[in-house]
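What follows is calculated from the coordinates using simple rules that are stated; it is not laboratory data. Just so we're clear, the structure is a prediction, and the values are computed from it rather than from any experiment. All Cβ positions, glycine included, derive from the backbone under ideal geometry; neighbour counts span all protein chains shown.
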Amino acid sequence: MSSKKYRNKTCVYCGEPARSETADHVIAREFFPLDARADLPKVPACRDCNNWKSQLEHYVLAVLPMGGLHPGASAAIIDQVGPRLEKNAALKRALFVGHRDRAIMSPDGYWQAGLSVPFEAEKLATLACYIALGLAWHHWGLQIAPAALANARSFTTVGTRSFEEMLSTLDAANRIARNWGNGVLEYRGLYSRTNPKVTLWQMAFFGGVELVDSDKPGETSRTLFVATSDNPDWIATRGARRANDRAPIGLG
């Protein structure tokens with residue numbers, strides 16, 4: 001999507017000046033039902049970043065909606081998952097071979113029959129970093145890249161509490177909480193009063209898709225956390241662990 005407003009600007013994602021060629025939707029329009037795509041946030045992006053982000057969105061939209069917990073996920077399954085898998089036989093086969101039966105607890109506390117499928121959650125984590133950079137520019141006009149790094153992780157229960165406490169107590173110049181598409185993407189974020197390159201985000205996709213780490217039985221997460229900072233050591237000490245690699249999908 002081209003627009004003079006977004007051309008020849010600094011790319012929000014890589015920070016290269018005068019390289020933007022397009023207006024990129026921070027949250028891809030395809031995440032949303034047709035009647036919920038108006039007024040989505042847009043940012044200036046270069047062609048390379050736009051293409052790489054689109055590849056991540058293509059994969060995430062082919063798998064993640066199957067674990068969604070609200071009606072928007074059903075629309076995405078019909079509009080996105082089926083057609084994308086029909087064009088990607090290798091991914092379709094991997095999901096079929098790798099799926100497992102399991103019981104899943106819904107957010108309201110009820111157990112239901114379900115299954116899990118293999119999911120390259122690092123791709124979702126990378127996409128969440130792009131989204132965080134875009135949202136910081138959209139909400140506050142902050143250009144994070146290239147001076148700062150972004151890192152996205154899911155956490156154990158203890159890590160989640162620690163990060164949520166940090167979100168609540170960090171001295172913030174501004175905070176934002178937003179729900180797009182009735183839970184397609186829900187997030188809250190802030191940036192530091194003393195260093196605007198430091199931003200913190202908590203994101204939930206499709207009503208809170210549950211991610212499971214196959215190496216840590218019983219550990220699940222329904223949110224991703226993103227931190228940006230111009231101090232790599234600060235990011236490294238946030239208590240993060242690698243992203244989970246299976247996505248449970250409830251049936252019924």
Estimate the FRET efficiency between GLU164 and LYS5 by the formula 1/(1 + (r/R0)^6), using the beta-carbon distance for r and 51 Å for R0, to the nearest 0.05.
0.90
Between ARG37 and ASN182, the FRET efficiency computed from the C-beta separation at R0 = 22 Å comes out, to the nearest 0.05, as 0.95
Give LYS5/LYS123; LYS9/LYS197; LYS4/LYS197 a once-over and call out the pairs whose C-alpha atoms are over 25 Å from each other.
LYS5/LYS123; LYS4/LYS197
Spacing of the two label points (7 Å from each Cα toward its C-beta) at ARG222 and ALA147, in nm:
3.8
Can you give the extra length, in nm with one decimal, that the chain gains between ASP230 and ARG47 once fully stretched, where that is 0.36 nm per residue apart less the Cα-Cα distance?
63.4 nm
